[in-house]
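To start, the structure itself, in structure tokens.
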Amino acid sequence: MMKQFLSPALLLLIFFLLCSTTSGQSSGPAAAPSAPTTTSGQSSPPALAPSSVPLVPSGPSGSVEITAVLKKARKFSTFIGLLKSTQMDAEINTRLKKSNQGITVFAPTDNAFSDLQTGTLNTFTDQQKTELARFHIIPSFISMSQFETVSNPLHTAVDGDTVGFPLNVVGNGTQVNMTTGVVNTTVDSTVYSDGQLAVYEIPQVLLSQGILRPQAPAPAPLPPKPKKATPLSTQAPSTPTTVSVHSSGATGLPRYAPTVVSIGVAVLAALPLCL
């Protein structure tokens, strides 16, 4: 009878143990691994994805042309013509492609050229026009903020001549003042700037003493070379001259000497007969 009682109890105990083991194994999904912690005990933020913003090219772009920039602004037609007539547009574009120093251009508006005395550009020689175009160009890139710290006078593209072509620029954060000794003006706005080319609008044409100084006159023509003296051996023989009797009483004996002698002989021969 004792065996009959224990058998069901033993079966219930075994069943209970099996159920508790199964429920422990299926209590839920495994917990996610904990995030790494810093020394302060706080979890570090997840790493950021790489930025998709393209990097700025370090070399010269070579895709920007000065005349295209000026044409887009639609108020620099006269300055464009000056650059083209002096071939400075091609020189600027070449420098942008081959140099990392960049270019800064001060571009006078069409109104600035209209304010000049009538016919000023037409009276300029080709050399003066070239100097005028170069005086508006700095062979390096200068941003608006850099005008506060630049060394004056600036070295323009006029072969670095700062005596006849002085250009002093002073920036105070909100305004850039310019002076050449002949013209005082300001930078009105930034037309274009990309770190390689900077174009600034100015309301006056930059003139200097070097541009306006009187040009040297053309050299006088050389005097004609003297003709070489003709040698005596090649001269024509001179014709013999005769001595003539003038009313003043001068005589020429060589011509009448034979006649005088003949008359004298005849007189001497007749004297004995007369005696």
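The values are calculated or read from the model by the stated rules, or taken from the named source; none is laboratory data. Because the structure is a prediction, the values reported are computed rather than measured. Every residue, glycine among them, receives a Cβ derived from its backbone with ideal geometry; neighbour counts consider all protein chains shown.
Which pairs have Cβ atoms under 7 Å, sit 6 or more apart or on different chains, and link a residue in region 71-83 that is over 16 Å from Asp126 (Cα atoms) to one that is among the small types (Gly, Ala, Ser) and surrounded by fewer than 14 Cβ atoms within 10 Å (Cβ to Cβ)?
Here the result reads none, with nothing in region 71-83 linked to a residue that is among the small types (Gly, Ala, Ser) and surrounded by fewer than 14 Cβ atoms within 10 Å (Cβ to Cβ).
Here is a check on your reading of the model: is Val176 surrounded by 11 or more Cβ atoms within 10 Å (Cβ to Cβ), farther than 22 Å from Thr78 by Cα and free of Cβ contacts under 8 Å to residues at least 60 places away in the same chain?
Numbers: surrounded by 11 or more Cβ atoms within 10 Å (Cβ to Cβ): yes; farther than 22 Å from Thr78 by Cα: yes; free of Cβ contacts under 8 Å to residues at least 60 places away in the same chain: yes.
For Val176, the condition - surrounded by 11 or more Cβ atoms within 10 Å (Cβ to Cβ), farther than 22 Å from Thr78 by Cα and free of Cβ contacts under 8 Å to residues at least 60 places away in the same chain - is met.
Pick from Leu82, Leu96: which is in a helix (DSSP H, G or I), surrounded by 14 or more Cβ atoms within 10 Å (Cβ to Cβ) and at pLDDT 95 or above? Outline the logic, then answer.
Numbers: Leu96 fails: at pLDDT 95 or above.
One residue alone meets the criteria, Leu82.
Within the bounds of region 113-128, is there any residue that is buried (at least 20 other Cβ atoms within 10 Å of the Cβ) and either out of contact with any helix residue (DSSP H, G or I) (no Cβ under 6 Å at 6 or more places or on another chain) or modelled with pLDDT under 95 (or both)? First the steps, then the outcome.
Let us first name the residues in region 113-128 that are buried (at least 20 other Cβ atoms within 10 Å of the Cβ), namely none.
No, every residue in region 113-128 fails to be buried (at least 20 other Cβ atoms within 10 Å of the Cβ) and either out of contact with any helix residue (DSSP H, G or I) (no Cβ under 6 Å at 6 or more places or on another chain) or modelled with pLDDT under 95 (or both).
How many residues, within region 199-217, are within 16 Å of Gln175 (Cα to Cα) and buried (at least 16 other Cβ atoms within 10 Å of the Cβ)?
Counting residues in region 199-217 that are within 16 Å of Gln175 (Cα to Cα) and buried (at least 16 other Cβ atoms within 10 Å of the Cβ) gives 5.
I need the full set of residues from region 179-207 which are farther than 22 Å from Ser77 by Cα and either of a type in the set (Gly, Ala, Ser) or assigned to a strand (DSSP E or B) (or both), in order please.
Across region 179-207, the qualifying residues are Thr179, Gly181, Asn184, Gly195.
Given the residues Ser145, Ser85, Ser140, Ser114, which is the only one that is of a type in the set (S, T, N, Q) and closer than 19 Å to Pro166 by Cβ?
Working: Ser145 fails: closer than 19 Å to Pro166 by Cβ; Ser85 fails: closer than 19 Å to Pro166 by Cβ; Ser114 fails: closer than 19 Å to Pro166 by Cβ.
Testing whether each residue is of a type in the set (S, T, N, Q) and closer than 19 Å to Pro166 by Cβ leaves just Ser140.
Please work out which one of (1) touching a Gly at 6+ places or on another chain (Cβ under 9 Å); (2) free of Cβ contacts under 8 Å to residues at least 40 places away in the same chain is the condition Asn152 fails and give its number.
In the conditions (1) touching a Gly at 6+ places or on another chain (Cβ under 9 Å); (2) free of Cβ contacts under 8 Å to residues at least 40 places away in the same chain, Asn152 misses (1) alone.
Might you let me know whether region 135-146 holds any residue that is under 13 Å from Ile211 (Cα atoms) and surrounded by 15 or more Cβ atoms within 10 Å (Cβ to Cβ)?
Filtering region 135-146 down to residues under 13 Å from Ile211 (Cα atoms) leaves 135-136.
Remaining after also requiring surrounded by 15 or more Cβ atoms within 10 Å (Cβ to Cβ): 135-136.
Within region 135-146, one or more residues are under 13 Å from Ile211 (Cα atoms) and surrounded by 15 or more Cβ atoms within 10 Å (Cβ to Cβ).
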